[in-house]
């Protein structure tokens, strides 16, 4: 499954199947999600979920553990509806415009750094079953999901990936997924269309207890020391894009579901 | 005029008055702006103005000279409607939460840096007459407006300013306005409620030809060399918030009307 428009139907079907076996809460959610798939404004009195989402995307609202309970429906509609797709398209359009505009020396050292989760692969099938971020992150359940290697590609990111390769730009994946999930991650990437890369960096045990900001900055520094020029850097978390050696230009793809510090 | 909710009416009244004297285009705009003051989605086929705005606010879309012509109505509705106010409130709420949470040594060296235009003062009365950013920036007309010292305060920012002072935090204004507009700027700030500050930094001629990023970084560095701790830094442009000596935490207030590099 490589295209996004069919995801909502896929989710609903999957959720219905899941629900029939076990889970009344999910059924309630499906009901809520059916009538509206847009992402406009907030329907929650007293909380503008759109303002909250903007605050998250602009790095004003940081360090949060879960989305506001009042915004669960809003975030679900956003993620399953048109606006998430449109917002992603707008970022990828700018990134491609930028990449095309560069007059690159084709020496194999031009590198584009992609994060993985919610940047190149979508964990929406997992999060749709876990309240779109309203539940506290559960690493055991999430890693079970990762082990399955069944995350779909974010379709716009996959298009950009292919266009970057066509421009002669190398790709690096830099993810906070632990090194122990390398095989599952690489299999998943290949299965959905990311067939080649210069390097795929997963978090090894030496970074235990370190922030994502530190880990990603350190690994980007190593890449630059190897002679790569990081011409672009794309992630769904600001910790992918801030810090040192951030790249000549950074691109923030949307993610209102979780925050990584 | 210190409260924002009355601004739309104020604008409409002013615009009507202006129009009766001279300008048919403004009348047309008033008509467009009357029926809808929300900010939801895009009503422009093929362009998601909401995605464009998100792209601007997240620093994905940079270096632009004017807003997309197709989004003039959208940006106008946003700026005059509720969502701009709500988005501003959400940022200010987070900033105040953060400031309150700090366990500060009250030695008079804790500093909050505020940008001026579209951060503490609103130029919406000017931009409402100039297509909300659809017209190329005209420094002569804009400086005429600045000279009048009649820009209203952004009401949420003014509230934060007062709360910061109450917490014993000093305030610095750091603006790209030229040094020659110091008197007009200081008069305007005082007139609308910003009665005191530690320093107000305007751009002097030594920065001619330099970017805002360089100017603001350099001036923040000088502040830190004087012993100030920049605990917060708030601006409507990413060039206010990126660069060096950016402060312990940065806050991006919304501005979809113009881009400064």
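The values are calculated or read from the model by the stated rules, or taken from the named source; none is laboratory data. Being a predicted model, the structure only gives us computed values, none of them experimental. FYI the Cβ positions are ideal-geometry reconstructions off the backbone, even for glycines, and counts take in every protein chain you see.
Looking at segment B:127-144 only, could you name the residues that are touching a residue at least 24 places away in the same chain (Cβ under 8 Å) and in a helix (DSSP H, G or I)? I'd like the intermediate steps shown before the answer.
First, the residues of segment B:127-144 that are touching a residue at least 24 places away in the same chain (Cβ under 8 Å): B:127-129, B:131-137, B:143.
Selection gives B:127, B:131, B:132, B:133, B:143.
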Give me the pairs: first residue in segment A:101-114 and in contact (Cβ under 8 Å) with a residue 24 or more places away in the chain, second residue in a loop (DSSP other than H, G, I, E, B), beta-carbon distance under 6 Å, and six or more apart or on different chains, which are they? A:106/A:168; A:109/A:227; A:109/A:228; A:110/A:104; A:110/A:169; A:111/A:228; A:112/A:169; A:114/A:120
Given the condition part of a helix (DSSP H, G or I), surrounded by 21 or more Cβ atoms within 10 Å (Cβ to Cβ) and under 18 Å from the mean Cα position of the chain (by Cα), answer yes or no: does some residue in segment B:106-124 qualify? yes
When residues of segment A:60-89 are limited to those that are within 7 Å of another protein chain (Cβ to nearest Cβ) and assigned to a loop (DSSP other than H, G, I, E, B), the one surrounded by the most Cβ atoms within 10 Å (Cβ to Cβ): A:60
Of the residues in segment A:45-59 that are over 17 Å from the mean Cα position of the chain (by Cα) and assigned to a loop (DSSP other than H, G, I, E, B), the one that is farthest from the other protein chains (Cβ to nearest Cβ) is A:45
Per the list (1) at pLDDT 60 or above; (2) within 12 Å of chain B (Cβ to nearest Cβ), residue check on residue A:40 breaks on (1)
Of the conditions (1) under 25 Å from residue A:62 (Cα atoms); (2) touching a helix residue (DSSP H, G or I) at 6+ places or on another chain (Cβ under 7 Å), the single one that residue B:100 does not satisfy is (2)
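Results for (1) within 18 Å of the chain's Cα centre (by Cα); (2) at positive phi, shown as yes or no for each residue.
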residue	(1), (2)
B:149	yes, yes
B:155	yes, no
B:165	no, no
B:168	no, yes
B:177	yes, no
B:184	yes, no
B:190	yes, no
B:196	no, no
